[in-house]
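The values are calculated or read from the model by the stated rules, or taken from the named source; none is laboratory data. Worth saying up front: this structure is predicted, and the values here are computed from it rather than measured. Using ideal geometry, Cβ is built from the backbone for each residue, glycine included, and neighbour counts are taken over all protein chains shown.
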Ligand SMILES: [Zn+2]
């Protein structure tokens with residue numbers, strides 16, 4: 001498995017609308033394996049293919065709890081979603097303090113439906129429909145946004161968003177210069 005480079009805002013690639021996948025092939029599974037590994041190392045709980053520069057409608061998520069004792073092996077519950085679509089969403093919304101691997105070290109409250117039903121193809125290319133709640137529902141909606149060129153800071157005011165983008169750019173530049 002390979003660790004891929006994650007792109008950060010304001011990379012224009014993050015505004016790309018990703019293309020649907022025709023079939024779940026071994027090549028696509030390799031991409032999903034690499035994305036999952038990249039996400040675990042980051043560490044994060046969700047990653048969309050466009051964040052590693054691939055404009056395909058593919059996301060990986062894992063919201064399993066991380067053990068308090070760092071010596072304990074974390075329980076992994078990876079989910080691979082190909083061509084995910086929201087087919088139903090609850091009227092009830094809630095607010096989560098979201099973060100994003102493409103917006104490192106910045107968090108903001110975002111309101112989304114509390115529960116959604118998602119249609120997708122799994123790792124084996126099987127069609128699935130699943131109702132998701134809580135953190136999983138939030139993460140999957142956040143990742144589907146990436147496939148549509150939306151980053152969570154797009155929900156914030158223009159002023160707040162540009163402040164965050166400037167800070168991320170500055171931090172990335174400092175890393176480059178170091
Ligand atoms: Zn994100």
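Yes/no matrix, rows are residues, columns are (1) touching a residue at least 12 places away in the same chain (Cβ under 8 Å); (2) over 25 Å from residue 24 (Cβ atoms); (3) within 16 Å of the ligand (Cβ to nearest atom); (4) loosely packed, with under 13 Cβ neighbours inside 10 Å:
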{"site": "63", "(1), (2), (3), (4)": "yes, no, yes, no"}
{"site": "67", "(1), (2), (3), (4)": "no, yes, no, yes"}
{"site": "72", "(1), (2), (3), (4)": "no, yes, no, yes"}
{"site": "85", "(1), (2), (3), (4)": "yes, no, no, no"}
{"site": "95", "(1), (2), (3), (4)": "yes, yes, no, yes"}
{"site": "102", "(1), (2), (3), (4)": "yes, no, yes, no"}
{"site": "107", "(1), (2), (3), (4)": "no, yes, yes, no"}
{"site": "112", "(1), (2), (3), (4)": "yes, yes, yes, no"}
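Residue 40 meets the conditions (1) under 23 Å from residue 150 (Cβ atoms); (2) within 14 Å of the chain's Cα centre (by Cα) in every case but one. The failed one is (1).
If you go through the stretch 3-16 and keep only what is out of contact with any strand residue (DSSP E or B) (no Cβ under 8 Å at 6 or more places or on another chain) and surrounded by 12 or more Cβ atoms within 10 Å (Cβ to Cβ), you end up with 3, 4, 7, 8, 9, 10, 11, 13, 14, 15, 16. Once the stretch 17-61 is narrowed to residues that are assigned to a loop (DSSP other than H, G, I, E, B) and touching a helix residue (DSSP H, G or I) at 6+ places or on another chain (Cβ under 8 Å), the residue that is surrounded by the most Cβ atoms within 10 Å (Cβ to Cβ) is 57.
The residue that is nearest to the ligand (Cβ to nearest atom), among those in the stretch 114-127 that are part of a loop (DSSP other than H, G, I, E, B) and in contact with a helix residue (DSSP H, G or I) (Cβ under 7 Å, 6 or more places away or on another chain), is 114.
Selection of the stretch 138-178 for residues being in contact (Cβ under 8 Å) with a residue 12 or more places away in the chain, closer than 23 Å to residue 90 by Cα and in a helix (DSSP H, G or I) yields 138, 139, 140, 141, 142, 143, 144, 146, 147, 152, 153, 155. Can you say whether residue 167 is surrounded by 14 or more Cβ atoms within 10 Å (Cβ to Cβ) and more than 20 Å from the chain's Cα centre (by Cα), as far as the supplied structure shows? So residue 167 passes the test. Looking at this structure, is residue 98 modelled with pLDDT of 95 or more and farther than 30 Å from residue 175 by Cα? No: the conditions fail for residue 98.
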